[in-house]
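The values are calculated or read from the model by the stated rules, or taken from the named source; none is laboratory data. As the structure is a computational prediction, the values presented were derived from the model and not from experiment. All Cβ positions, even for glycine, are placed from backbone atoms using ideal geometry, and neighbour counts span all protein chains on display. SASA here: full protein model, heavy atoms, side chains in, ligands and nucleic acids out. Shrake-Rupley method; radii C 1.70, N 1.55, O 1.52, S 1.80 Å.
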Amino acid sequence: MAATLRIQSDWSQALRRDEGEAWLSCRSPGKPTLYGSLTRRGLSTEGVPDIAASEGFVVGEVTKKSILVSCPHENVSTKFLAPYTTFSRIHQKSITCLDISSGGGLGVSTSTDGTMKIWQAANGEIRRLLEGHVYDVNCCRFFPSGLVVLSGGMDAQLKIWSAEDASCVVTFKGHKGGILDTAIVDRGRNVLSCSRDGTARLWDCGKSSCLGVIADCGSPINGIAVGAADDSVNLGTPEKAPSEREIGTEGKILLLAREDKKLQGVGLQSRQLVFLFDGSDAFNCCTFLSSTYFLAGTQDGNIYQLDVRNTNAPIQIIHRSGAPVLSLFPYRDGFIASQGCCVGEADLHVLQGRGGAAVPTGRPVVVGAVHSVAVRAVSRAAAASTASPVSAAQLCPLEPIFICRGGDCCWWVGVGD
């Protein structure tokens, strides 16, 4: 495992002050952790802070919104991001999930304060309060239209809401345990959910009914992802003709990130097992990179890249730290991974063999961490550090930014220069 650089979570605020200091650390497996600090010595004529590092660390490029720090002894460097806006009044307690609408104008988030809210992405102004779940809401996402929200809660209910008037238009019941993740099939005629009860279900939004149990694993399913499968993959044949209410399930594969250390692939229309992969720990999340490649993250910090055509062995295992991998999603020639335990991080990874070595400016990203009550905006870079776990990531369509839910914040962060 490579060495990991950490930085004080409020470093940007600390270094705004004359002679301000922020702590640093570099941890490498099997070696003592190296501790150090950054100190502001002044300000350049361009308004950029002059930052010096203590022995063992080197400061590289510094801008008003980022700083590059290296530890030459361990041959590791990280570019850290600084927040530029904070939305602090959306929730009173930890944020558990968030998403941004397809147009980029609205955000939706859930919290352990028992609320689910829709807010203006530009300024954090609360637009709607969505009330109806009995217990905590675990997941929320916008439909492709950006006008409707899908949510799942510990009350085992799946709900569809109008983002315009906050009304609950549909409630699905059938799970026997809390719903942990959801997915939307194509434009949203059908949706998917997974639960602590070990099942993944397909739902018909128009008829407010369950079209079937896609998988019954006997173990909680922590995350799901649906995608089109490569033509060479045998997805199986349905035992009976699919319902005419199933829209967009043909040729799709459903990934299931299971608590029992297994990653499962199922033909969405056939309900047939495609593969079953054993990991090092509980799988928390999964995502498709393409019709051929996909990723899955585990509780012990491993990110598996696999080929759906042959899952006997992973293409590679990425292990940056032992913190749980809580969120994954593709970005250009790589992906965004968020991890967290006591300290959270959101990192941009570029996969070799899938394109260039740099990630240019593109669509923005939304990343979140648990234990968050505010939203901060951060300018462009490839890594963010926070005092608490980073639990989710989503692309934001308009601005080159992403949101991180941290110990006391959610950030907007850009991913390219």
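Key figures
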item	result
Percent antiparallel among DSSP beta bridges (both partners in region 89-351, rounded to 5)	100
Shape of region 4-83, Cα gyration tensor, a/c cut at 1.5	prolate
Whole-Å semi-axes of the ellipsoid equivalent to region 89-351 (Cα gyration tensor, √5λ, descending)	27, 23, 17
Largest-first ordering by accessible area, 1.4 Å probe, given options Ile118, Ile315	Ile315, Ile118
Carbon plus sulfur fraction of accessible area for region 1-126, probe 1.4 Å, in percent	47
For Leu106, distant residues with modelled amide H under 5 Å away	Ser101, Ala121
Proximal lysines relative to Lys93, as straight alpha-carbon distance under 24 Å, when same-chain residues fewer than 8 apart are discounted	Lys117, Lys159
Where labels lie 7 Å past Cα in the beta-carbon direction, separation of Lys176 and Ser208 in nm	2.5
Peptides ranked, highest mean first, by Cβ atoms within 10 Å: ranges 241-251, 324-334	324-334, 241-251
Solvent-accessible ranking of Asp260, Asp99, largest area first, probe 1.4 Å	Asp260, Asp99
Environment charge of Lys159, counting only residues whose C-beta is closer than 11 Å and scoring Lys/Arg +1, Asp/Glu -1	-1
Net charge over other residues, Cβ less than 15 angstrom from the Cβ of Asp300 (K, R count +1; D, E count -1)	0
Within-9-Å neighbourhood charge of Leu5 [Cβ basis; K, R +1; D, E -1]	+1
Potential lengthening between Gln316 and Cys168 on full extension [0.36 nm per residue; Cα-Cα distance subtracted]	49.0 nm
Region 151-209 - accessible surface per residue (Å², probe 1.4 Å)	36
Rounded percent of accessible protein surface that carbon and sulfur make up, region 140-232, 1.4 Å probe	44
Area accessible to solvent at Ser102, 1.4 Å probe radius, in Å²	60
For region 1-155, with +1 on Lys and Arg beta carbons and -1 on Asp and Glu, the positive-most of Trp11, Ala53, Ile90 along the dipole	Ile90
